[in-house]
Amino acid sequence: MSSAKKKPKPEPTAEDVQPTSTLEKARNVVKGWDPRNGLDIYIDKPETNPEGRIVEYDDDFVVIRDKFPKASVHLLLIPRSPEIHTQHPLHLLSTDPAFLATIRTRVARLKCLAASDLRRQFGHLSASDAPYQVALEDLMSNTPDPTPAQLSSLPAGRDWESEIIAGVHTHPSMNHLHIHVLSRDMHSACLKHKKHYLSFTSSFFVGVEEFPLEEGSARFKPGKWPNWDMRCWRCGEDYGNKFARLKGHLEEEFEAWKRE
């Protein structure tokens, strides 16, 4: 793949980004704009940092923070080539070894990035990350500008990367191929109903590590997946169709999880 990764322009201010008005929404309907093409704006001109969501980009891919995150950290890796982003992810990742290899490399890096974000958010609360946090505080108090070697010598602390999952949906909600890289806590105000939850915690979500799928695999046709029972991602308790109960339980699990 080609050029070096680029950082986007600074995020727009509140004055720069205005909410979509009723009139603008009506115009979209008249023009026949499909909301499923919503990733277009990030692919076409990532250098303008639309909506302030661009994390990084190059000639081949753009990485954004999901507009409707379903977890504490939720990134999307989006190919920019029309020859790629118009294809179905399950098919392409199962039949194109070169593309799969590229995605694995990109995802590995993004998992590391997402893990760093988790540590930034919750490291000070985590019991298993305490050795790292204490050593880091001591280092920073004595060495304001530590070297990479000094930072790499710190205790490992919590394995935040093990808390990150990456994969695609069997039936994506958007037209442009994209790979989800997110923390597994499922803690977000945007997690609003059963399908949101199941789409990341059931076999409807195909992990990058599961590819390539065999031809004719049942994963291509999940059936009536919205009817499946919901199980807590952490303890495995079955909540059936009771999303409100599960949501309350997830709050409790989130508090315990971030303090592990």
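Exactly one of these conditions fails for residue 230: (1) free of Cβ contacts under 8 Å to residues at least 40 places away in the same chain; (2) farther than 22 Å from residue 172 by Cα. Give me its number.
(2)
Determine, yes or no, whether residue 84 is under 30 Å from residue 215 (Cα atoms), touching a residue at least 40 places away in the same chain (Cβ under 8 Å) and more than 17 Å from the chain's Cα centre (by Cα).
Taking the combined requirement at face value, the residue satisfies it.
Pull up the stretch 151-184, narrow it to residues that are exposed (fewer than 12 other Cβ atoms within 10 Å of the Cβ) and in a helix (DSSP H, G or I), then point me to the one that is modelled with the lowest pLDDT.
152
Identify, from the list 74, 124, 91, the residue that is at pLDDT 95 or above and more than 30 Å from residue 221 (Cβ to Cβ).
Criteria check complete, one pass: 124.
Name the residue that is farthest from the chain's Cα centre (by Cα), counting only residues in the stretch 235-255 that are loosely packed, with under 11 Cβ neighbours inside 10 Å and of a type in the set (A, V, I, L, M, F, W, C).
Top of the filtered list is 244.
Count, please, the residues in the stretch 118-130 that happen to be small (Gly, Ala, Ser) and part of a helix (DSSP H, G or I).
Here the count works out to 2.
Residue check, residue 232 against (1) crowded, with 16+ Cβ neighbours inside 10 Å; (2) of a type outside the set (D, E, K, R); (3) within 26 Å of residue 42 (Cα to Cα), all met but one. Which one?
(3)
Checking the conditions here, which among 103, 43, 78 is in a strand (DSSP E or B), among the β-branched types (Val, Ile, Thr) and touching a residue at least 60 places away in the same chain (Cβ under 8 Å)?
Going through 103, 43, 78 in turn, just one is in a strand (DSSP E or B), among the β-branched types (Val, Ile, Thr) and touching a residue at least 60 places away in the same chain (Cβ under 8 Å): 78.
Is at least one residue of the stretch 41-57 surrounded by fewer than 13 Cβ atoms within 10 Å (Cβ to Cβ), more than 22 Å from residue 114 (Cα to Cα) and either acidic (Asp, Glu) or within 15 Å of the chain's Cα centre (by Cα) (or both)?
Yes, the stretch 41-57 has at least one match.
List every residue pair whose Cβ atoms lie under 6 Å apart, where the two residues are 6 or more positions apart in sequence or sit on different chains, the first residue falls within the stretch 131-147 and is part of a helix (DSSP H, G or I), and the second residue, located anywhere, is of a type in the set (Gly, Ala, Ser) and surrounded by 11 or more Cβ atoms within 10 Å (Cβ to Cβ).
131/157; 132/157; 133/123
Let me confirm something: among 167, 223, which residue is small (Gly, Ala, Ser) and over 18 Å from the mean Cα position of the chain (by Cα)?
The unique qualifying residue is 223.
Go through (1) assigned to a loop (DSSP other than H, G, I, E, B); (2) within 22 Å of the chain's Cα centre (by Cα); (3) at pLDDT below 95 and name the single condition residue 216 misses.
The one condition residue 216 does not meet is (2).
Scan (1) within 21 Å of residue 203 (Cβ to Cβ); (2) of a type in the set (A, V, I, L, M, F, W, C); (3) in a helix (DSSP H, G or I) for the single condition residue 233 breaks and write down its number.
Here residue 233 clears every test but (3).
Just one of (1) assigned to a helix (DSSP H, G or I); (2) of a type in the set (Gly, Ala, Ser); (3) over 22 Å from the mean Cα position of the chain (by Cα); (4) surrounded by 14 or more Cβ atoms within 10 Å (Cβ to Cβ) trips up residue 115, so point out which.
Every condition holds for residue 115 apart from (3).
How about the stretch 185-208: which of its residues are assigned to a helix (DSSP H, G or I) and either without any contact (Cβ under 8 Å) to a residue 60 or more places away in the chain or hydroxyl-bearing (Ser, Thr, Tyr) (or both)?
Of everything in the stretch 185-208, those that are assigned to a helix (DSSP H, G or I) and either without any contact (Cβ under 8 Å) to a residue 60 or more places away in the chain or hydroxyl-bearing (Ser, Thr, Tyr) (or both) turn out to be 194, 195, 197, 198, 199, 201.
The values are calculated or read from the model by the stated rules, or taken from the named source; none is laboratory data. Predicted model only: the values in this text are computed from it and were never measured. Neighbour counts run over all protein chains shown; Cβ positions are idealised from the backbone, glycine included.
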